[in-house]
1. What number, rounded to the nearest 500 deg cm²/dmol, is the helix-based mean residue ellipticity at 222 nm of the chain, given -39500 (n - 2.57) per DSSP H run of at least four residues and division by all its residues?
2. Fully extended, how many nm does the chain gain between Ala159 and Glu403 (0.36 nm per residue separation, minus their Cα-Cα distance)?
3. HN-Hα J couplings of region 165-174 from phi, Karplus 6.51/-1.76/1.60, θ = phi - 60°, integer Hz, Gly and Pro as x?
4. Give me Rg over Rh for region 92-234, both radii from the alpha carbons and Rh done the Kirkwood way, two decimal places.
5. Could you tell me what % of all Cα pairs in region 352-414 have separations over 15 Å?
6. For region 259-487, I need the span (max minus min coordinate) of the C-alpha atoms along each principal axis, in Å, sorted largest to smallest.
7. Please order Asp344, Asp481 by the number of other Cβ within 10 Å, starting at the fewest.
8. Which far-off residues, 5 or more places away or on another chain, put their amide H under 5 Å from the one on Gly242, with H placed in the peptide plane?
Amino acid sequence: MLAFILRRLLLMIPTTLGVAAVVFGIYHLAPGDPATVMMGMASGGQMSTDSDAASKIDAFRIKHGLDRNPVVQFLDYIGPLNLSRDGCSLFSSPYGERKVEEVELPDGTSVREGKPLLIAYLPDTPPGERSEMDELRAVLLDDNAAESAWQEAEGRLVAKGDACLPALMTSLHELRLETDERGAAIERLGAVLEQVSGSELTLNETRVEQVGQGARIRGWFRWYYEEGGGGRVQNTGEDTWGGLLCLELGNEMQANTSVAKELGARLWVTVPLSTVAVLLSYLIALPLGIFSVRKQGTKIDGGLTIVLFILYSIPTFWAGLMLILLFGKTGMDWLPVLGLHDKDAQSLGSAAYVWDLVKHSILPILTLTYGSLAYLSRQMRAGMLEVIRQDYIRTARAKGLSERVVVYKHALRNSMIPVLTLLASILPILIGGSIIVEKVFDIPGMGKYAFEGLLRRDFYIVMAVTIFVGIMTQVGILLSDITYSLVDPRIRNE
């Protein structure tokens, strides 16, 4: 048995990685972009590349590595090597993100232009140097500064060589929406770039007439991405290890809070509610199934079957809403219907706080319980009916044993196997929670967290919740296999 359990546990590792690969692929094939959701826009919305919103979206994608090759993104998420900019020094990252596009002109020809983006300093640039270059570029951007100040700033920046390129490109990015008013500043920045690069920028005259100084900015960005400092540099090595294999789940894309910490908080909400619901389902369903078998063919059995099928057919969201209407403010006003606590619950004493939690939990637990109750009782009934037709049951009855002894001592253990098979789905329920129930009753659990992450297209939330559910499914299957041998000694796990 121990060898069997060990093999299954080791098999979970490649299985989990396979689950992660499938979920990762589906995530990237599905429509929607977390960057556009972050901006409060509809998924897949189109916008001008010259707008400030487009620039923020590009910065968001760069920050979270969404602009990288999907294979690199997956390897970075899995680990154990961190492939981001502060990661393993054996690898390199594109610090000047390459964004070059073809623009078609009115005469049918096309030109290659770079997309203006914020450019970060290279990691080996000392903080003092960064501050100095920021001050110098501010002088070039100041239209009210003296000619001598411009010349001094230009000379000091040229002396720094390629190290000043991020400062110059960032300055051009800041002027991209003010090309008509800030032409002189763009000319000053271009003059420094010509000296640093040793090449003069050539522009298409038609394009210059079309967009003015914006063509110069986009031309310099094309140069930077293709010929200048937009290449790859070695990662810093500050944080070499990371990813799923190092038990790191990343941070939420928008709130930047730890996904692992948030999962832990949500589990403390979902697991108790789901555990109580599952226990109630089994404690009620199994006796109902046995009782239905003992009354097989009677009106009681028929009536019980009808009631259970009606319960099973009621949609969960509808049942939750009806319970809210029945017990909430518009109904009998017996029970609270939203959340797990009243707004002033923190000021209550320990006993009152617990009672407040119990009252808020009744309706969600009831909604979680009723559907599985019907299903489990039918499974128990079917398993029991199959067992009581076996020869050894007839033999037990022929020996004069009471029906109670026959059912509970001889038939019950073997009829439990179909019900134990359902253990494989219990642990995923405990981890994933019920999305519908938690949404209807406004409960901050795992199900609601997964739903919100999906709406925000948050990669780290979707991956973390799905992988957790996948792991718990495998654990549930393993527990089912182990339990088989406990109820039926004829079953051996080898």
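1. -20000 deg cm²/dmol
2. My answer for the length gained is 78.0 nm.
3. 4, x, 5, 5, 5, 5, 5, 4, 4, 5
4. Dividing the radius of gyration by the Kirkwood radius yields 0.97.
5. 64 percent
6. The Cα atoms of region 259-487 stretch 64, 42, 34 Å along their principal axes.
7. Asp344, Asp481
8. Leu81, Asn82
Just so you know, all these numbers are worked out from the coordinates, no wet-lab data involved. Because the structure is predicted, anything quoted here is derived from the model rather than measured. No Cβ is skipped: glycine too gets one built from the backbone with ideal geometry, and neighbour counts run over all protein chains shown.
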